[in-house]
Structure formats: C-alpha cells, structure tokens
Amino acid sequence: MAQQFNPQNVKKRYATLVFIKGSTAPLVMYVDDFQALYDEISAAMKNPNPIIIEKETNGPLKKVSFISTQIAAVAIQEEQYI
C-alpha cells in the first residue's frame, strides 16, 4: 500500500550553485546564509582582479576554493525534501 503524502512534512533547503568555466557540473554549496554567499560571489564576478574564494559548507562539500575569474554563473536553488 502506498504511503500517504502529507504536505506538512515537506521541508525546504537552499543551496548556492557556482558554475565554473569548463566544468560540467556546478559546485553545490549548502551554507547557513545562502543569499549572502550568492551576493559575495556575484560581487567577485564583477571584479576584474582575480581573487580566491574559499568557503566551508554544511553539505557533502566540506571546504571548497576557486578563483573568481573562472566563475561562469551563480544561482540559488530551492530543494524540497521530507
């Protein structure tokens, strides 16, 4: 018998995705303040001088670093889970 779907059990989490030039998959970063990370990376993309961005995250990636001039795009992703 199929389980009943209860919409009250559905939770949301957000991830900041960073697309690196030449990479096929984005870096998926789970942090407490996803909007601040998005804003920081967006600002770094506008800066013509390369900087290294290094972050600790809460998800499968524990620590990540990349250079700002290699960022192709940044996004916020909403995920629903039970």
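The values are calculated or read from the model by the stated rules, or taken from the named source; none is laboratory data. Note that the coordinates shown come from a computational prediction; the quantities given were computed from them, not determined experimentally. Cβ atoms come from the backbone with ideal geometry, glycine included; neighbour counts cover every protein chain shown.
Applying the selection to the stretch 1-39, what residues are more than 12 Å from the chain's Cα centre (by Cα) and among the charged types (D, E, K, R)?
Lys11, Lys12, Lys21, listed by residue number.
Table: residues versus (1) in a loop (DSSP other than H, G, I, E, B); (2) of a type in the set (Gly, Ala, Ser); (3) in contact with a Pro (Cβ under 6 Å, 6 or more places away or on another chain).
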position	(1), (2), (3)
Tyr14	no, no, no
Ala36	no, yes, no
Pro48	yes, no, no
Phe66	no, no, no
Ala72	no, yes, no
Glu78	no, no, no
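For the stretch 18-27, how many residues meet the condition of being assigned to a strand (DSSP E or B) and either surrounded by 17 or more Cβ atoms within 10 Å (Cβ to Cβ) or in contact with a helix residue (DSSP H, G or I) (Cβ under 8 Å, 6 or more places away or on another chain) (or both)?
3
Please determine, by comparing only the residues of the stretch 57-82 that are in contact with a helix residue (DSSP H, G or I) (Cβ under 8 Å, 6 or more places away or on another chain) and more than 12 Å from Ala15 (Cβ to Cβ), which one is modelled with the lowest pLDDT.
Filtering the stretch 57-82 for residues that are in contact with a helix residue (DSSP H, G or I) (Cβ under 8 Å, 6 or more places away or on another chain) and more than 12 Å from Ala15 (Cβ to Cβ), the one modelled with the lowest pLDDT comes out as Ile82.
For the subset of the stretch 50-64 comprising residues that are part of a strand (DSSP E or B) and within 12 Å of the chain's Cα centre (by Cα), which member is surrounded by the fewest Cβ atoms within 10 Å (Cβ to Cβ)?
My answer is Glu56.
Within the stretch 6-56, how many residues are at pLDDT 95 or above, aliphatic (A, V, I, L, M) and under 24 Å from Ile82 (Cα atoms)?
Selection size over the stretch 6-56: 6.
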